[in-house]
Amino acid sequence: MSMVETSKLTKVYDGVKVVDGLNLKIEEGQIFGFLGPNGAGKTTTILMLLGLTVPTSGSASIAGFNSTREALKVKSISGYVPEKVGFYNDLNARQNLLYTANLNGFFGDQADKIVVKAIEDVGLKERMEDKVGHYSKGMRQRLAIADVLVKQPKVAFLDEPTSGIDPAGINQILDLIGRIAKQNEMTIIMSSHQLSQVQSICTHVGIMSKGKLVSHGSIAELSKRASGDKVIIEIQLAEVPPEIVDALRRIKGVKTVTQNQTTLTISCNEDLRRQISKVIAEKNGLITQMELRSLTLDDIYMSILQEA
């Protein structure tokens, strides 16, 4: 089933369409990467889905509940981790999460049990009695995810969840997101500018530009659309004389050859590694490495935005 769905969702501020006729479906259990430059409309879309701002026209729903007419129900089954997480710094982790538990109708022993489990799930059990004011940025992000878990939501929105965290901490947060999504059968929508991180964890992505959803689907589907069925071959040579480059460009099926020092990137209609190797050998070239290169999410993102 569709966990998140919008139909012609539009938001106008001061005569400008910040979100323009958005049609989007995110299936249950997906980890969805929500991408786009600043001002593309991602945050406004999330706020409308959560019932925190009213659409100018169109509709948004979560788990079948209308985000505008049934905003309280939507909030009860949704979690949100903003880029800048707010906690009471003079309270410890357990006290902060107990406050969230109480707001969501959990009290007494039941609240204690839910809170401790959430803290354990994010790896903060040994620090749960420490005041949150002494936490690092990475620990605060973990606690924010635990805060979402306390609500036991069906869907969670994470806005730049690894912002300002060191590389080791980033990997831990990404592993944590993947693990809790699987263990809790939770749909996650992750907004981020770190495309390599999105590629490492997300099953599907959507790319927005100027308020419109310009492309969405699995990364494999987007790669195929962006490449136009091209095959990209990357070659490392000991040296690259001009005659080798000229000869490669004359091979039938080769579309482009670009050079960066001793690396050649060749775009083809099909896998031409055998023909390319033969031409280089005939020109007395020495191949040190050759591989088929898949498009990265960075490649896909830039290609799609350029077309948009």
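Things worth noting here:
- Applying the criterion of being assigned to a helix (DSSP H, G or I) and in contact (Cβ under 8 Å) with a residue 12 or more places away in the chain to the residues of region 252-290, the residue that is nearest to the chain's Cα centre (by Cα) is Arg273.
- Taking region 222-233 as the range and being among the hydrophobic types (A, V, I, L, M, F, W, C), over 24 Å from Leu174 (Cα atoms) and in a helix (DSSP H, G or I) as the test, only Ala226 passes.
- Within region 65-97, being in a loop (DSSP other than H, G, I, E, B), touching a residue at least 24 places away in the same chain (Cβ under 8 Å) and within 25 Å of the chain's Cα centre (by Cα) holds for Ile77, Pro82, Glu83, Val85, Phe87.
- Residues in region 129-169 that are over 19 Å from Asn102 (Cα atoms) and assigned to a helix (DSSP H, G or I): 11 in all.
- Within region 47-64, restricting attention to residues that are in contact (Cβ under 8 Å) with a residue 24 or more places away in the chain and outside any loop (DSSP other than H, G, I, E, B), the residue that is farthest from Tyr13 (Cα to Cα) is Ile62.
- Test result for Gly64, among the small types (Gly, Ala, Ser), surrounded by fewer than 22 Cβ atoms within 10 Å (Cβ to Cβ) and within 17 Å of Thr187 (Cα to Cα): yes
- Residue in region 284-298 that is hydrophobic (A, V, I, L, M, F, W, C), modelled with pLDDT of 90 or more, surrounded by 19 or more Cβ atoms within 10 Å (Cβ to Cβ) and under 30 Å from Phe157 (Cα atoms) present: no
- Applying a threshold of 7 Å to beta carbon distances and a minimum spacing of six or more residues, or different chains, the list of pairs starting in region 126-143 at a residue that is not assigned by TED's automatic domain parsing to the domain that holds Pro82 and surrounded by 20 or more Cβ atoms within 10 Å (Cβ to Cβ) and ending at one that is in a loop (DSSP other than H, G, I, E, B) and not small (Gly, Ala, Ser) is empty.
- If you go through region 177-221 and keep only what is part of a loop (DSSP other than H, G, I, E, B), surrounded by fewer than 18 Cβ atoms within 10 Å (Cβ to Cβ) and on the phi > 0 side of the Ramachandran plot, you end up with Glu185, Lys210.
- Some residue of region 238-261 being of a type in the set (Asp, Glu), touching a Ser or Thr at 6+ places or on another chain (Cβ under 9 Å) and over 30 Å from His193 (Cα atoms): yes
- Residue in region 144-153 that is surrounded by fewer than 19 Cβ atoms within 10 Å (Cβ to Cβ) and assigned by TED's automatic domain parsing to the domain that holds Lys117 present: yes
- Looking only at region 41-53, and only at residues there that are surrounded by 23 or more Cβ atoms within 10 Å (Cβ to Cβ) and among the hydrophobic types (A, V, I, L, M, F, W, C), the one that is farthest from Lys210 (Cα to Cα): Leu49
The values are calculated or read from the model by the stated rules, or taken from the named source; none is laboratory data. In this text the structure is predicted, and so the values were computed from the model without any measurement. Quick reminder, even Gly has a Cβ in these numbers, built from the backbone with ideal geometry, and neighbours come from all protein chains shown.
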